[in-house]
Every structure is written in structure tokens, then in C-alpha cells.
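Sharing a structure, written as C-alpha cells. Questions coming.
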Amino acid sequence: MGSCKEEEPKWLWVNGPIIVGAGPSGLAVSACLKENGVPSLILERSDCIASLWQQKTYDRLKLHLPKQFCQLPLFDFPENFPKYPTKHQFISYLESYAKHFSITPKFKQSVKVAEFDEVCGFWKVQTQDFQYLSKWLIVATGENAEAVIPEIPGIDKFKGRLMHTSVYKSGTEFINQRVLVIGCGNSGMEVSLDLCRHNAIPHMVVRNSVHILPREMFGISTFSIAMALVKWMPLRIVDKVLLLVANLTLGSTDKLGLRRPKTGPIELKNATGKTPVLDVGALSQIKTGKIQIMPGVKEITKIGARFLDGKEGEFDSIILATGYKSNVPSWFKGSDFFTEQGMPKTPFPNGWKGENGLYTVGFTRRGILGTANDAKNIARDISEQWREFKGFCKNFCTTRNLSDSQGICFLPF
């Protein structure tokens, strides 16, 4: 991009960092910044906070981990919330969080381009309405910004209903239907279970190996046990303990067509980001045959699918439980900080900070615990710079009588 002197309309100077994304990550870092006396501006493409949770999750969704592992910094869940809050309770918590910290994102601001301008030394962030300028840019769009739609031969030929789990709400729409669920992660398992409970006939495609663990062991969350054991044992020993208990409580999943990876569940999660499935009831339905396990799909046909074992099946609907991906490569330009997949190249725990005032939050593959850690680090780092820089920000806008109440000023470029 050119220098700051280019004649471009609607330039806005932001007194503090620009945060892209008003999900849990964006809210967390904004709150931590505010706690350190640093203002910020959140740009959100949707019309609400936590749009993934509000608009792209199914009705039966609950947090997979106990609430103490899913709360944002500086603000706990209400005591009357259950151990595993529902999606509606989690959304309510996030709304209370934003209200508590007076976080007011600018909604319907879809970032088209964000790039560091070497000439003026600031970040330029362009949306459909404005072009923002700031010393700091915080990428908070996370790992799950866009649905992954796999390229399966013949997928355009299917005459029935085809959807991603981001659109799925409830099995009430699929009563008595034969439904092919492609994907066997947590979403695939839960959607299949929900279909069962609404008298549909789900068939779940399992192409690769998958770790399935009970959500709780001996009445304690599996995640809590893992977190405790990691403090005292090598990771591989922890994985062996988890798998031993899982086999005792769940039985052999291999016999059901659910092969386990050779790498243990926690080690695999840390290395690849692939999360183990925490069973909430789907496995019992698989054992009884109410959820049928299918091999990989070779191609989609007009009326169903042809599988890798040569068999064919007819289906009324197909649901893609194929996960999400980062959308950073589509709008973040001029830096090699991110991979082609939109993840920081620097591994955890140091991927939260780049060069020239660039930060990321929510890309740790470690859930909200990782987000909280990032948010605190970012706020601490920027607050040290802010003490020196805030005088410039204040003088720049006030001497030109440009400031508004949100710490934004129009630049007369």
C-alpha cells in the first residue's frame, strides 16, 4: 500500500489497538486491555458478538468442558450455571461479559484488507465503510471462522438436502429420514446422536482414526484429570492412563469401526490440533446400531453416496460435519506471520505476538484456556507501549478537535 498521504475517503484513527473479531477471543483481549487502561476498537463482520455461537451452532450444544475451563479472564460464570453450560447460557455469559466491561464492537464491519504500512508505520484496516488506522492490530477471528466444505466428487449432483453443521439446528427437520453425516468429530457425533433422538436414521462416515474418551471418568471430567496428571507425569504416560480408563469404561472402539490413532489423545491434540471426541451418548447408539458407521465416501450420487468399500447407499439428506478453518488468508496481507492455513507459524506458547504491533488471540488450539493466556500476554505487552504512546494519540486528535466518545477520530485525508 502507499503512504499515509494517499487521498482515500473516510479514514478513522483509532486510539488503541484494532481488534478483528467479536467472539470470545476478541472480547477477552478487549477486557484485559481495558483492565490495563488501554482502549480498543473491535470490528465485527456480523451483527452480534460471538456470531459462531449465536448463529452457527446446533440447539443441543453444551460446553464439552467444565465451566471453570471455559470462562474468560477477570469474570467468572454465574454460580448457578450447571457444570456444563448450554450454548444459550454461554451466550448469556458472553453478553454479560461485554456489558460488564462496556465493550461495544462496531458491528457489520467486514474487514476486506489489513496491512502494515511501512511508510507511516501504522496498520491500515479497510472495511466496506471505513479505513481504520492504528499502531496495533489484534487478529481475533480464531481457528473456526469459516466452514470447511470438502471437495467430494459428485457433491453437486445430490438431489436431496445438503448442509454443513453450521446450518444444522435440530433433528426435528429430519424425522424418519436416512441421513449421511460426513465426519466423526465432536460435531459429527453429537449431530448423529441428535438425529437418533428425533427418530432419524443416521449413518456416520468415519474416514480416519479417532480418539473417543468418556466426558467424565469416576465422576470427574476427563479434561480435569488430564490437566492434573500432566503436572506430574510425562504426556505419553498421561495418554496411556486416559486410554486405559477409556477402554475399561467404553470398551474397544476398534470393534465398532472407530480405530484409534497410534499417537495418544493429548499428544495428538498438542501436535495437530485434532481434538479427541468426548462421548455424550453417541457411542451407546453406535453399539446398538442406531447410528451406522460407514467407510470413507468415494463419491456422492444423485440419491446418496458410493463408499470406498464399493457399497452404495440412498440418503434423504447429507450433513457435512467437516469442521471449520481460519479465514485470515483472505484479508490479512503483506506479512508471512501466518501459514497458508491462516495459523501463526510460531508454535504455542509464543504465537501471540508478531512484528510491528501485530498480535493474535485464539489460535492456540487449546480452547478458551489458550485464549485467556493470549489475552493476558497481549494486554500486558501493549500496556507497556501505551504509556508512552497515549500522549501522541490524545494530542493528535484533541488538537484537531477530531475525537469522538469511542476514542476514534476522523482523519482529514
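The values are calculated or read from the model by the stated rules, or taken from the named source; none is laboratory data. Keep in mind the model is a prediction, meaning the values are calculated, not measured. Here the Cβ is made from the backbone with ideal geometry for all residues, glycine too, and neighbour counts use every protein chain on show. Areas reflect the complete protein model, heavy atoms only, side chains present, ligands, DNA and RNA absent. Shrake-Rupley method; radii C 1.70, N 1.55, O 1.52, S 1.80 Å.
Can VAL167 be described as touching a residue at least 24 places away in the same chain (Cβ under 8 Å), within 30 Å of GLY296 (Cβ to Cβ) and under 17 Å from the mean Cα position of the chain (by Cα)?
For VAL167, the condition - touching a residue at least 24 places away in the same chain (Cβ under 8 Å), within 30 Å of GLY296 (Cβ to Cβ) and under 17 Å from the mean Cα position of the chain (by Cα) - is met.
If you take the residues in region 213-229 that are among the aliphatic types (A, V, I, L, M) and open to solvent by 70 Å² or more (accessible area, probe 1.4 Å), which one is farthest from ASP279 (Cα to Cα)?
Only one residue tops the list, namely MET227.
Any chance region 290-312 includes a residue that's open to solvent by less than 10 Å² (accessible area, probe 1.4 Å), of a type in the set (Val, Ile, Thr) and touching a helix residue (DSSP H, G or I) at 6+ places or on another chain (Cβ under 6 Å)?
Taking every residue of region 290-312 in turn, at least one turns out to be open to solvent by less than 10 Å² (accessible area, probe 1.4 Å), of a type in the set (Val, Ile, Thr) and touching a helix residue (DSSP H, G or I) at 6+ places or on another chain (Cβ under 6 Å).
When residues of region 244-266 are filtered for being without any contact (Cβ under 8 Å) to a residue 24 or more places away in the chain and in a helix (DSSP H, G or I), how many remain?
Residues that pass the stated criteria total 5.
Inside region 92-102, can you point out the residues that are under 20 Å from the mean Cα position of the chain (by Cα) and touching a residue at least 60 places away in the same chain (Cβ under 8 Å)?
Matches in region 92-102: LEU94, TYR97, ALA98.
Right, another one. Considering only residues that are more than 22 Å from GLY296 (Cβ to Cβ) and either modelled with pLDDT under 95 or in a helix (DSSP H, G or I) (or both), which ones fall in region 197-209?
Hit for region 197-209 is ARG197, nothing else.
Which residues, counting only those in region 161-184, are assigned to a loop (DSSP other than H, G, I, E, B) and surrounded by fewer than 17 Cβ atoms within 10 Å (Cβ to Cβ)?
Passing the criteria: VAL167, LYS169, SER170, ILE175, ASN176.
Checking PHE130 against (1) open to solvent by 50 Å² or more (accessible area, probe 1.4 Å); (2) under 22 Å from VAL38 (Cβ atoms); (3) out of contact with any strand residue (DSSP E or B) (no Cβ under 6 Å at 6 or more places or on another chain), only one condition comes out false. Which one?
That leaves (3) as the condition not met.
Could you please let me know if LEU358 is in contact with a strand residue (DSSP E or B) (Cβ under 9 Å, 6 or more places away or on another chain) and modelled with pLDDT under 75?
No, not satisfied.
Is there a residue in region 41-53 that is within 27 Å of PHE389 (Cβ to Cβ), in contact with a helix residue (DSSP H, G or I) (Cβ under 6 Å, 6 or more places away or on another chain) and assigned to a strand (DSSP E or B)?
Among the residues of region 41-53, at least one is within 27 Å of PHE389 (Cβ to Cβ), in contact with a helix residue (DSSP H, G or I) (Cβ under 6 Å, 6 or more places away or on another chain) and assigned to a strand (DSSP E or B), which makes the answer yes.
Another one. If you scan region 328-343, which residues turn out to be open to solvent by 20 Å² or more (accessible area, probe 1.4 Å), in a loop (DSSP other than H, G, I, E, B) and not aliphatic (A, V, I, L, M)?
LYS333, GLY334, SER335, ASP336, PHE337, THR339, GLU340, GLN341
Using beta carbons and a limit of 6 Å, which pairs, at least six apart or on different chains, have the first residue in region 50-63 and under 16 Å from THR141 (Cβ atoms) and the second one among the hydroxyl-bearing types (Ser, Thr, Tyr)?
Going by the 6 Å Cβ cut-off, the qualifying pairs are LYS56/SER166.
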